[in-house]
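Peer 1: First the structure, which I've put down as structure tokens, then a few questions once you've had a look.
The values are calculated or read from the model by the stated rules, or taken from the named source; none is laboratory data. In this text, all values refer to a predicted model and were calculated from it rather than measured experimentally. Note: ideal-geometry Cβ built from the backbone for every residue, glycine included; neighbour counts use all protein chains shown.
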Amino acid sequence: MNKLVLVLFCILLGNTAFSQRKLTVGGAKGLPQGGDKGQFNRDSLSGKPSRKAVKNDEAKIKDYLIITRENDTIQVDTTLSIYKDYKFNYLRRDDFELLPFSNMGQTYNSLSLDFKSTTIIPNIGATAKHFNYMDVDAINYYRVPTPFTELMYKTAFEQGHVLDAFFTVNTSDQFNLSIAYKGMRSLGQYQHILSSTGNFRFTTSYNTKGNRYKLRTHIVMQDILNQENGGISDVDLTSFESGDPEFTDRSLFDPLFENAESNLEGRRFHMDQSYIIKARDSLNSNQISIGNLLTFEDKYYQFTQDSNNPFFGSAFVSSSISDKSTFESFYAELNARYSNETLGAFKASLGYNNYNYGYNSLVILNNQTITNRLLGDVVSFGGAYENKIGALDVKGDVGFNLTGNLEGGFVNGDVSYAISDDIAAKASVHINSKAPDFNFQLFQSDYMSYNWQNNFKNQQTKQLAIALNSKKFGILQLDYSTIDNYLYFSKNEDAAVKPFQYNGTLNYIRAKFSNEISYKRFALNNTILFQSVLDGDEVLNIPQLVSRQTFYYSNEFFKKALFLQTGITLSYFSSYTMNGYDPLLAEFYTQNITEIGDFPRIDFFINAKISQARIYLKAEHFNSVLTGYDYYSAPNYPYRDFTIRFGIVWNFFL
């Protein structure tokens, strides 16, 4: 909360007292994301000077720019659309393929998997804690003609809320800084399930006049804390599913334990700079630039419990359980880029990575010694190419480790083609080989069965993807993946969760279609996903069908001062043996006993836009009483009951 108060103070101070020089204005190269369309989805500032602009009367909404790590430029978008409704959640992105747990700030069960990856260095693990963990690619940079602020607020479950406060300013035409903090605290409806998270971000970007030299840096500090209770017992499942009025107050259920917490904390500094040695001009079509990149990240994952519990098996100690794994990573890169108007753009890089993962002591179990550290150095090479050849847009990149104990590499290739003014096609191929995450290789715990040291093979994935995008008919995405040496967690014959590796080849196919049908002020937005595991469905469990349909009405009122959207969203996924959740590892594990799914989730919403404020009111899962209490986010973890939630996103242009 102290961080949140500090950030809000800085934002209010900046909006009232920050002086800004006049910037050169100009439109963005990119378009707003999210697929927003329709006659009512115009921006309230689009094409008009900002009435609140200070020292820059020419500022327009299109001049407020968001710049991704890959240098894609996005205009700030204050419109209201159904796509904004899909993203108005704790993660602030469309969670169509995710199923949240009962409390905000907990983890998500994945209803679909995408095996496209450019990562060739293992992570710490604890993947269930990383949904809200912002990596390097999640951090954006900005360029704004006047100070810009965004405040996002949403109510939580029982006591708590989430607030995401963001402020950015250009102190000159060349220098921008931004500061943001997303804080969340939610008590939850069940016993001992409190969530508390924080994401602090600070970015700077600088370029010289003429853009010959560019520098971008960010500092990110994150903490994700959850009370863990193991879910409700098998005996209580009967009371839950029967709808027993005595237990409609979910706090009356006795969870499996009430004395454990899990915590993920991380700090990262990132710097990316480049310098143009030879610039392109009217007499020269070639450009050469050099750059370097530095990233240092320090994180740890810790599970604590006041006393041992038979849920996890036998323990070395009877009280003060504390399992803490630490991970440090330092990455440095030198790169060079050559571009030619005819030949395209080439990039080559040489990287160095130093990693250090592990624990503070050795473990001797069953006359075997489990080490405490995995550390080493890796030198890697990377390359990229991009060009436009006629009507084709060609893009590709490669990377592989040259030296060190960790083998790995990836190859990506994309070809895009505009078939007509309405239809665009894209074909992609993705190949990746990566060593297992470190918690697969080494894990130590005060619980005896949670100690191991493995020497697994690299997981190897190949994916072929095709996409057709039509403004008239919708978006069709197809991908086919093969996975060799698939890594997963599951229970062994002693009912203990352990890491495993599948020796065969998994064949995984997906087809996703999304479109919107509109008539006057009514619209039906559809997203349907079909998927199947052709071989190996005993280790990779996913539902065959995932769907979401939204029927809504849009209109303007009070002389167009108010824009309103209201409707119903139906979400559904077919029944399957859903992955279980292990709170000690913060990982999901494969199980083939309990089937979950085949329950609808219906939400009623009213969204409104007044000036730059977007207001959201939603009755979530209001059909829960009518369709039965058979809804779960994982075995023994009930899904959310009916609740009404309110939120707002408010933009300020000084």
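Peer 1: Can you tell me which residue is surrounded by the most Cβ atoms within 10 Å (Cβ to Cβ) among those in region 571-597 that are more than 30 Å from Y300 (Cβ to Cβ) and under 23 Å from the mean Cα position of the chain (by Cα)?
Peer 2: F573
Peer 1: Now for a separate question. Kindly establish whether N123 is crowded, with 19+ Cβ neighbours inside 10 Å, at pLDDT 95 or above and in contact with an Asp or Glu (Cβ under 6 Å, 6 or more places away or on another chain).
Peer 2: yes
Peer 1: Right, next: List every residue pair whose Cβ atoms lie under 6 Å apart, where the two residues are 6 or more positions apart in sequence or sit on different chains, the first residue falls within region 637-648 and is touching a residue at least 12 places away in the same chain (Cβ under 8 Å), and the second residue, located anywhere, is basic (K, R) and part of a strand (DSSP E or B).
Peer 2: Hits for this filter: R645/K618; G647/K154.
Peer 1: Based on what the data block shows, is D437 charged (D, E, K, R) and at pLDDT below 95?
Peer 2: No: the conditions fail for D437.
Peer 1: Name the one entry in R143, R92 that is over 17 Å from the mean Cα position of the chain (by Cα) and more than 25 Å from A511 (Cβ to Cβ).
Peer 2: R143
Peer 1: Applying the selection to region 95-137, what residues are under 27 Å from T204 (Cα atoms), in a loop (DSSP other than H, G, I, E, B) and under 13 Å from the mean Cα position of the chain (by Cα)?
Peer 2: Listed by number, the residues that qualify are H130, F131, N132, Y133, M134, D135.
Peer 1: In region 344-390, what count of residues is obtained for those that are under 25 Å from I276 (Cα atoms), surrounded by fewer than 15 Cβ atoms within 10 Å (Cβ to Cβ) and of a type in the set (S, T, Y)?
Peer 2: 0
Peer 1: Has region 497-513 got any residue that is in contact (Cβ under 8 Å) with a residue 60 or more places away in the chain, in a loop (DSSP other than H, G, I, E, B) and not aliphatic (A, V, I, L, M)?
Peer 2: Scanning region 497-513 turns up no residue that is in contact (Cβ under 8 Å) with a residue 60 or more places away in the chain, in a loop (DSSP other than H, G, I, E, B) and not aliphatic (A, V, I, L, M).
Peer 1: Turning to a different aspect of this structure: If you go through region 436-477 one residue at a time, how many are farther than 30 Å from A315 by Cβ and surrounded by 16 or more Cβ atoms within 10 Å (Cβ to Cβ)?
Peer 2: The total comes to 14.
Peer 1: If you don't mind, there's one more thing I want to ask. Residues that are of a type in the set (A, V, I, L, M): which strands (runs of 3 or more DSSP E) entirely in region 542-589 hold 2 or more of them?
Peer 2: 545-557, 562-573
Peer 1: All but one of (1) at pLDDT 95 or above; (2) under 24 Å from E595 (Cβ atoms); (3) of a type in the set (D, E, K, R) hold for E516; which doesn't?
Peer 2: Here E516 clears every test but (2).
Peer 1: Could you please find all residues in region 478-493 being surrounded by 16 or more Cβ atoms within 10 Å (Cβ to Cβ) and charged (D, E, K, R)?
Peer 2: D479, D484, K491
Peer 1: I'd like to verify a number: residues in region 212-222 that are crowded, with 17+ Cβ neighbours inside 10 Å and of a type in the set (D, E, K, R), how many?
Peer 2: 2
Peer 1: Report whether or not T127 is among the β-branched types (V, I, T), in contact (Cβ under 8 Å) with a residue 40 or more places away in the chain and closer than 30 Å to Y589 by Cβ.
Peer 2: yes
Peer 1: Moving to a separate point now. Could you tell me which numbered condition Y86 fails, if it satisfies all but one of (1) assigned to a loop (DSSP other than H, G, I, E, B); (2) of a type outside the set (A, V, I, L, M, F, W, C); (3) out of contact with any Gly (no Cβ under 8 Å at 6 or more places or on another chain)?
Peer 2: Result: Y86 fails condition (1) only.
Peer 1: Given G351, G409, G396, which one is closer than 17 Å to A332 by Cα and small (G, A, S)?
Peer 2: G351
Peer 1: How many residues are outside any strand (DSSP E or B) and either of a type in the set (V, I, T) or touching a residue at least 40 places away in the same chain (Cβ under 8 Å) (or both) when one looks only at region 366-392?
Peer 2: 2
Peer 1: Could you check P255 against (1) under 29 Å from N340 (Cα atoms); (2) surrounded by 18 or more Cβ atoms within 10 Å (Cβ to Cβ) and say which number it fails?
Peer 2: (1)
Peer 1: Also, quick follow-up: Filter region 607-630 down to the residues that are small (G, A, S) and either part of a strand (DSSP E or B) or within 12 Å of T643 (Cα to Cα) (or both) and list them by number.
Peer 2: A608, A613, A619, S624
Peer 1: Could you list all residues from region 138-175 that are of a type in the set (A, V, I, L, M, F, W, C), crowded, with 21+ Cβ neighbours inside 10 Å and in a strand (DSSP E or B)?
Peer 2: Result: F148, V162, F167, V169.
Peer 1: Also, I was wondering about something else. Has region 327-343 got any residue that is aromatic (F, W, Y), surrounded by 15 or more Cβ atoms within 10 Å (Cβ to Cβ) and over 28 Å from the mean Cα position of the chain (by Cα)?
Peer 2: yes
Peer 1: Kindly indicate whether Y338 is closer than 21 Å to L585 by Cα and out of contact with any Cys (no Cβ under 7 Å at 6 or more places or on another chain).
Peer 2: Considered against the rule, which asks whether it is closer than 21 Å to L585 by Cα and out of contact with any Cys (no Cβ under 7 Å at 6 or more places or on another chain), Y338 comes out as no.
Peer 1: Now for a different question. Has region 488-506 got any residue that is polar (S, T, N, Q) and closer than 30 Å to F473 by Cβ?
Peer 2: Checked against the condition, which is being polar (S, T, N, Q) and closer than 30 Å to F473 by Cβ, region 488-506 yields no hits at all.
Peer 1: Being surrounded by fewer than 22 Cβ atoms within 10 Å (Cβ to Cβ) and β-branched (V, I, T): is that true of I82 here?
Peer 2: No.
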